[in-house]
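*Asks:* If you scroll down you'll find the structure; I have some questions about it.
We did not get these values from a lab; they are worked out from the coordinates using the rules stated. Remember, it's a predicted structure, so these values are computed and weren't measured experimentally. FYI the Cβ positions are ideal-geometry reconstructions off the backbone, even for glycines, and counts take in every protein chain you see.
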Amino acid sequence: MEERGTWEEREITRIAGMIREVREESGAEGLVVGVSGGVDSAVSLALCARAAGPERVLGLLLPSAVTRVEDMEDAGDLCRSLSVPSRTEEIEPVLRAFERLPGHRDTPYVRGNLTARIRMAVLYRIANREHRLVCGTSNRSEYLLGYFTKYGDAAADLQPILHLYKGEVYQLAAALGIPDRIRSKVPSAGLWPGQSDEGEIGLSYAQIDAAFLSLEAHGWTARTPGEEKVLALMRRTEHKRLPVPSPVREG
């Protein structure tokens, strides 16, 4: 039988079905999504609202001292447009508590990873208290590159867009009616002032996605300098995607 509808329509239906099934099978009362004002969390939130109903979804805004005001405004506006309840939990007091610990060094790398893990701890605190599932917001481009924090943004009960390259996330964002203000902004995890994903990685997402698609088509053999860089990043971060090593039980 011929599939009907556009790729975007079919994919939205398929993902929403997965979210609905996971929530119902778990017995959870709802879902919680960390909403940053970026496109990945926006798409994840919209998919959850479509799958479970907006009344069963909570959008959680988790700003730190370096979070841009416009990002929180976009996150709040998105929740209102989807009729999703939202709350704001400031994480700066928790970050400051870590900074007071003996021997703490506040480098961008340390602060970035700590910020991601604190945000996920807050999401799980809410999920545990309110019998919700934590919905992750990672995409395939970031996952294969290893551009995520273990036990931070990588931790979740379900990951509805983990199979989608960044460009595909933008396609779904347009189909879901995510505002252009969110779709057009420079991708950033907001971990320190001026941080951008593409600046940190050294490649644009268009270049990253093109490299991955070419690598997949050619048996993961690099044919250009860009593909070599992407493949090297993928290999260097393989430990992030593997199960935690442990001895094999004898006998």
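*Asks:* Which of the following residues is surrounded by fewer than 22 Cβ atoms within 10 Å (Cβ to Cβ), part of a helix (DSSP H, G or I), touching a residue at least 40 places away in the same chain (Cβ under 8 Å) and not hydroxyl-bearing (Ser, Thr, Tyr): Asp40, Asp71?
*Replies:* After applying the criteria, what remains is Asp71.
*Asks:* Tally time: how many residues in segment 120-143 are within 30 Å of Glu216 (Cα to Cα) and part of a helix (DSSP H, G or I)? Working first, answer last.
*Replies:* Here is the first cut: in segment 120-143, the ones within 30 Å of Glu216 (Cα to Cα) are 135-143.
Applying the additional criterion that residues be part of a helix (DSSP H, G or I) yields 140-143.
Selection size over segment 120-143: 4.
*Asks:* Name the residues in segment 171-225 that are in a helix (DSSP H, G or I), of a type in the set (A, V, I, L, M, F, W, C) and surrounded by fewer than 17 Cβ atoms within 10 Å (Cβ to Cβ), would you? Show your work before the answer.
*Replies:* Residues of segment 171-225 that are in a helix (DSSP H, G or I), as a first pass: 171-176, 180-183, 197-201, 205-217, 225.
With the extra rule that they be of a type in the set (A, V, I, L, M, F, W, C), the set shrinks to 172-176, 182, 201, 206, 208, 210-213, 215, 217.
If the condition is that a residue be in a helix (DSSP H, G or I), of a type in the set (A, V, I, L, M, F, W, C) and surrounded by fewer than 17 Cβ atoms within 10 Å (Cβ to Cβ), then Ala174, Ala175, Ala206, Leu213, Ala217 are the ones that fit.
*Asks:* While we're on this one: Out of (1) among the β-branched types (Val, Ile, Thr); (2) touching a residue at least 60 places away in the same chain (Cβ under 8 Å); (3) crowded, with 20+ Cβ neighbours inside 10 Å, what's the single condition that is false for Val35?
*Replies:* Against the list (1) among the β-branched types (Val, Ile, Thr); (2) touching a residue at least 60 places away in the same chain (Cβ under 8 Å); (3) crowded, with 20+ Cβ neighbours inside 10 Å, Val35 comes up short only on (2).
*Asks:* Answer yes or no as to whether Gly76 is without any contact (Cβ under 8 Å) to a residue 60 or more places away in the chain, farther than 14 Å from Val122 by Cβ and under 19 Å from the mean Cα position of the chain (by Cα).
*Replies:* Judged against the criteria, Gly76 is a match.
*Asks:* Something else now. Search segment 121-136 for residues that are of a type in the set (A, V, I, L, M) and pair each with any residue that is surrounded by fewer than 18 Cβ atoms within 10 Å (Cβ to Cβ) when their beta-carbon atoms are under 7 Å apart and the residues are at least 6 apart or on different chains.
*Replies:* As it stands, the answer is Val122/Glu89; Leu133/Ser26; Val134/Tyr124, since those pairs meet every condition given.
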